Amino acid sequence: MESESSRHTCLKLEITSSGAADLERIFVKGTWFTSHFDLSISNGLDAWICSASEEEVEERASQWDQPVSEYIEMAEKYLGFQQPGSVYGFSDAGVGHRRLSWTFEKEGTKLEWRWKCQPSPDTKKTTAGILDFLMDSNIQLSEEVLSKTQAFEKLESEAEKCLAQSERLAKEKEEFEARLYTKFLGVLNSKKAKLRELRDRLPNEATGNKRVQEEEEEGSSDRTQTSDEE
């Protein structure tokens, strides 16, 4: 049978506890399942746990008129990342227990969710589990940053190559257009010269043709006169 998939979060909070002047720094590690969740909390000295069973989550979701999935999603949102405007609390609940709370707004009304946490049976193990998760997450984050940095550098290098190629192609295009224009200009000038030559020849040819025609007409006229005299 396959084990149920889970998600993990870890949130650092600085909370003013009731009756205490200094801020209390705690780490809240959440393990989120489809219909229940577990919390591990440590201030570095003491530790607490909260196991929210399926029955408890279903009951809380019903009280807030929410599906279980929506309740889990909202709890993960507020305990995965500190939400702006939300007031977090970790107050004394007696006999070593603590009550983790956070506020949110719904339809203009500020509401509060609270979960009671009991002292961890093994403080060192709970705290070590939180630290191990933070270290693993830090290593994973560092690897992702390195991978993305290398990918960015590769893309930057490819972009530079593409830019250089684009500039080379643009230069070659300009040179080709210049050669083509020069060749076209030469052909155009040659055509113009031939047209001018033809244009200059046309009046001469027209004059020559006119002279030949006149001579032919004169010859014809002379022949006619000779015939009449006879």
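The values are calculated or read from the model by the stated rules, or taken from the named source; none is laboratory data. Model, not experiment: these values are computed from the prediction. Here the Cβ is made from the backbone with ideal geometry for all residues, glycine too, and neighbour counts use every protein chain on show. Side chains are part of the model used for accessible areas, which takes the heavy atoms of the whole protein and leaves out ligands, DNA and RNA. Shrake-Rupley method; radii C 1.70, N 1.55, O 1.52, S 1.80 Å.
Only residues that are touching an Asp or Glu at 6+ places or on another chain (Cβ under 9 Å), within 19 Å of residue 8 (Cβ to Cβ) and open to solvent by less than 30 Å² (accessible area, probe 1.4 Å) were counted in the stretch 43-84, giving 4. Restricting attention to the stretch 30-42 and to residues that are out of contact with any Gly (no Cβ under 7 Å at 6 or more places or on another chain) and closer than 16 Å to residue 79 by Cβ, the residue that is surrounded by the most Cβ atoms within 10 Å (Cβ to Cβ) turns out to be 41.
From the list 160, 167, which residue is under 23 Å from the mean Cα position of the chain (by Cα), part of a helix (DSSP H, G or I) and free of Cβ contacts under 8 Å to residues at least 60 places away in the same chain? I'd like the intermediate steps shown before the answer.
Details: 167 fails: under 23 Å from the mean Cα position of the chain (by Cα).
Only one candidate qualifies: 160.
Of everything in the stretch 146-187, what is within 30 Å of residue 8 (Cβ to Cβ) and open to solvent by less than 80 Å² (accessible area, probe 1.4 Å)? Give them in sequence order. Result: 147, 149, 151.
Put simply, of 126, 103 the only residue that is surrounded by 14 or more Cβ atoms within 10 Å (Cβ to Cβ), touching a residue at least 60 places away in the same chain (Cβ under 8 Å) and of a type in the set (Ser, Thr, Tyr) is 126.
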